[in-house]
Amino acid sequence: QHRRTLKSTDELRALPEVADALASMERGGLPEAVVRMMILMADSRGNVRRDRLERSNELMTSKAPFNGMDPASRARMIHQQTLIAHFEPELALSSLTKLLPTEADRAKAVELVEYVVGNPDEMAPRTKAALSSMKALFQEGPVRKLANPLSILIGP
C-alpha cells in the first residue's frame, strides 16, 4: 500500500508557487485585498456559515470588481491570496494597507467584506472583532505598527 508523504511547512514554503505568492504580497489592489480579508476572517473563526459562502460566491461572480474577471484569473487570485494568508498571516494583514492606499479603496473593501459577513448581530464575536480591527488598521494607515499584527484577529 502506497502512502503519500506529507510535506512539512518549511518544505511547502519552499515551493516556487508559494514563494511567488509571498513575493507578490504587496502587489495588487481591491480584489486581492478583499479576498485576503475574507480568508483571514474565515481563518480567525475556523469555519464559514453557508449563507456567508453563498454571499461570497455572489460577490465573486456578479459584483465589481470581480465580475469583470475571467473565472481562471479569479481562481488564481483566490489561490494566491490563500497561500499568502496561510503562510504569512501577520504580513498578509499588515500589508493590506499597501493594497488599499486610499480611504476610498479601504472603505470599498470594508463594504464588500461586510456584505459577505452580513449583519453584525449575527456575527461570531471573533468575526466581529476581526472586522473591527481591520477597520482600525485602515484608519491608522500604513504607519501603524503592531507588535503582533495578527493579534487584532485572534486576540492578545
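Lysine pair count for the chain with Cα-Cα distance under 27 Å and sequence separation of 8 or more or different chains is 13. Among (i) 147; (ii) 179; (iii) 309, only one was calculated for this model; which label is it, if the read-out is volume of the Cα convex hull per residue in Å³? Among (i) 147; (ii) 179; (iii) 309, the one calculated here is (i).
Exposed loop sites were defined as trypsin sites (Lys or Arg not before Pro) in DSSP loop states (anything but H, G, I, E or B) carrying at most 11 other C-beta atoms within 10 Å; in the chain the longest segment without such a site runs 28-144. Approximating the spin labels as points 7 Å out from Cα along Cα→Cβ, the GLN139-to-ALA23 distance works out to 3.8 nm.
For the stretch 1-93, the fraction of 1.4 Å probe accessible surface lying on carbon and sulfur atoms is 51 percent. Remark: the stretch 114-128, residue by residue, has Karplus-estimated 3J(HN,Hα) of 4, 4, 6, 6, x, 4, x, 5, 9, 7, 5, x, 5, 5, 4 Hz, where x stands for each Gly or Pro and the curve is 6.51 cos²θ - 1.76 cosθ + 1.60 at θ = phi - 60°. Mean residue ellipticity, 222 nm, helices only, the chain: the sum of -39500 (n - 2.57) across DSSP H runs of n ≥ 4, divided by residue count and rounded to 500, is -20000 deg cm²/dmol.
The values are calculated or read from the model by the stated rules, or taken from the named source; none is laboratory data. Since the structure is predicted, the reported quantities are computational estimates derived from the model, not experimental observations. Counting neighbours? That spans all protein chains shown, and the Cβs are built from the backbone with ideal geometry, glycine included. Please note that ligands, DNA and RNA were not included when accessible areas were found on the heavy atoms of the full protein model with its side chains. Shrake-Rupley method; radii C 1.70, N 1.55, O 1.52, S 1.80 Å.
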